[in-house]
Amino acid sequence: DFTNKNINEVMTWASANKIEIEQVYEYSDIIPEYHIISQSIVPNTLLKNVKKINLIVSSGPNYDKLVVIPNMIGWNIDDALKTINDNFLNNVNIQYVINEEIERDYIFDQSIKGQMRRNEPLTLKVSLGSKESLIPVNMIDLKNKKMFDATLWLKRNGIQYTLKYEFSDKVSRNYIIGQSILKDTTVDPTKDKVTLIVSKGKEIIVPDLTMMSIDDVTNWIIENNLKIKYEDRYDLNIPIGNIIETNYKEGDIIEEETTIYIVTSKGQLRMPKFSSLNEFRSWASKYDISIKEEYEFNENVKKGNIIKFSHEENGIIEPTDTIIVYISNGAPVTIPNFVGKSKGNIKTTCTKLDLICSFTYSGYSSTAKDVAVSQNKKAGSVVVSGTNVNINLSLGPAKTFTIQVSEAQLSIGSADGTIATLKSWFNKNYPGVTFNFVKKASNELPPGYIHENSPIKDNSKVTQGKTYYVWITN
């Protein structure tokens with residue numbers, strides 16, 4: 001049972017027992033980093049038929065996770081520290097400030113309340129009390145304390161400090177190596193300043209990682225308290241599972257917690273089997289493979305599905321190759337001649353052929369109403385299903401009307417009133433005819449009459465599909 005064991009122990013066991021280990025990293029607030037969360041083979045299983053074990057390995061807490069932080073204003077700093085630790089907040093800045101009104105060690109300002117990410121900056125302002133309350137104190141031993149805890153003790157006592165960073169083989173990263181004022185020495189917060197020497201961890205000299213196995217690299221990373229990110233890609237020359245490249249070269253000096261990016265080989269690139277076009281596109285994009293898409297009609301393969309590839313399944317793909325994928329347009333559709341057909345008949349045909357047909361009225365003609373007079377796609381042309389076709393329909397033969405206007409429809413004294421009334425009357429009684437109303441001065445008639453020289457007046461003839469001007473006296 002590997003649960004909670006360090007991955008190093010597991011790799012050593014696996015090597016001794018000739019078992020392949022595949023690692024998947026997941027965040028965990030409970031299991032320490034680089035320790036095992038779960039395994040694919042249950043404990044006490046005989047190894048006779050076991051060749052590979054999949055392990056879920058802890059990456060430690062997810063510091064990008066959203067958490068909800070309460071309003072801690074009015075809290076004692078010790079209570080706030082428990083909330084900070086319980087929520088794995090790792091970017092907290094505690095500022096002690098002289099405050100005559102708030103009791104010492106109590107929070108009076110908080111930069112974020114409610115939902116936030118664990119690694120988001122959070123500033124808490126805490127009362128240091130009055131300036132007069134700052135008194136000399138005996139220095140404590142800060143060596144081997146966490147930097148956060150050591151600096152917090154200095155802040156709580158109003159003592160100014162500076163930080164210096166050094167490599168150390170003995171003191172863990174971000175822990176205190178030494179201090180400028182020794183234990184039991186009296187420190188006056190009004191004039192003394194303390195220098196803390198903080199460990200950067202041990203100085204790490206990078207070996208030639210490309211010459212190491214993945215197991216050895218993993219062990220080296222864990223032993224040196226580093227972070228790791230894996231990628232893989234195909235390579236013609238590097239055997240599968242071997243390292244192609246890393247982000248640090250041999251001889252580089254790095255600190256603990258540095259992230260090492262490892263690119264491993266998937267071996268020669270071979271043509272996989274794909275179940276969909278999107279799957280193929282994603283694969284090609286991931287591995288930067290040149291592709292070309294060719295569309296062709298096919299009676300047997302559904303539109304949008306793959307007909308074939310230029311490369312055979314499991315065939316080797318060279319870096320310079322372009323993979324051609326042949327995609328089905330479905331069965332070909334021949335555009336019918338819709339001219340002379342009724343709108344209803346056309347709709348039925350379009351549905352049957354899987355065409356998207358839209359209709360536009362092109363005007364009046366000798367052709368009966370709702371019968372096609374033209375189309376935007378040529379009859380006999382071959383298209384894919386789902387093609388849009390626009391059909392122009394006739395409004396039918398144009399009718400001619402005789403204008404009838406009575407004095408009751410005129411607003412004597414108001415040109416606008418007459419225009420409003422006539423617009424409504426004409427639209428109702430002379431459909432399909434366009435009228436433009438123009439106000440004109442008259443020496444004979446008062447405002448609101450049809451002008452004596454108007455092109456259209458009572459008893460004039462008008463025809464559908466045409467435009468006429470009506471003059472109204474102003």
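Here are some notes:
- Only one entry in L124, L128 is within 26 Å of L66 (Cα to Cα), surrounded by 17 or more Cβ atoms within 10 Å (Cβ to Cβ), touching a strand residue (DSSP E or B) at 6+ places or on another chain (Cβ under 6 Å) and in contact (Cβ under 8 Å) with a residue 24 or more places away in the chain, namely L124.
- Residue match in the range 68-80 (condition: buried (at least 16 other Cβ atoms within 10 Å of the Cβ), touching a residue at least 40 places away in the same chain (Cβ under 8 Å) and in a helix (DSSP H, G or I)): yes
- Residue within the range 277-286 that is aromatic (F, W, Y) and closer than 16 Å to Y234 by Cα present: yes
- Scan of the range 284-311 for residues that are over 14 Å from I327 (Cβ atoms) and assigned to a loop (DSSP other than H, G, I, E, B), ordered by number: Y287, D288, I289, E299, H311
- Test: residue in the range 303-316 that is touching a residue at least 60 places away in the same chain (Cβ under 8 Å) and under 26 Å from N388 (Cβ atoms): yes
- Meets criteria (closer than 24 Å to K229 by Cβ, surrounded by 12 or more Cβ atoms within 10 Å (Cβ to Cβ), touching a helix residue (DSSP H, G or I) at 6+ places or on another chain (Cβ under 8 Å) and in contact (Cβ under 8 Å) with a residue 40 or more places away in the chain) for I21: yes
- Looking at the range 107-148, the strands (runs of 3 or more DSSP E) lying wholly inside it that each contain 1 or more residues that are over 31 Å from the mean Cα position of the chain (by Cα) sit at 107-110, 122-127.
- Those strands (runs of 3 or more DSSP E) lying entirely in the range 364-474 with at least 1 residues of a type in the set (F, W, Y) and surrounded by 13 or more Cβ atoms within 10 Å (Cβ to Cβ): 400-402, 434-440, 467-473
- Residue within the range 41-52 that is closer than 15 Å to I228 by Cβ and either aliphatic (A, V, I, L, M) or within 30 Å of the chain's Cα centre (by Cα) (or both) present: no
- Candidates are the residues of the range 240-263 that are in a strand (DSSP E or B) and either at pLDDT below 90 or within 26 Å of the chain's Cα centre (by Cα) (or both); the one that is surrounded by the most Cβ atoms within 10 Å (Cβ to Cβ) is I262.
- Any chance K191 is farther than 25 Å from L55 by Cβ, out of contact with any strand residue (DSSP E or B) (no Cβ under 8 Å at 6 or more places or on another chain) and without any contact (Cβ under 8 Å) to a residue 40 or more places away in the chain: yes
- Output for the range 158-173, where each listed residue is closer than 21 Å to Y96 by Cα, crowded, with 16+ Cβ neighbours inside 10 Å and either in contact (Cβ under 8 Å) with a residue 60 or more places away in the chain or among the polar types (S, T, N, Q) (or both): G158
- Top-ranked residue of the range 45-59 - restricted to ones that are assigned to a loop (DSSP other than H, G, I, E, B) and in contact (Cβ under 8 Å) with a residue 12 or more places away in the chain, ranked as surrounded by the fewest Cβ atoms within 10 Å (Cβ to Cβ): K51
The values are calculated or read from the model by the stated rules, or taken from the named source; none is laboratory data. Since this is a predicted model, take the numbers as computed values, not measurements. Here Cβ is always computed from backbone atoms with ideal geometry, including for glycine, and neighbour counts include all displayed protein chains.
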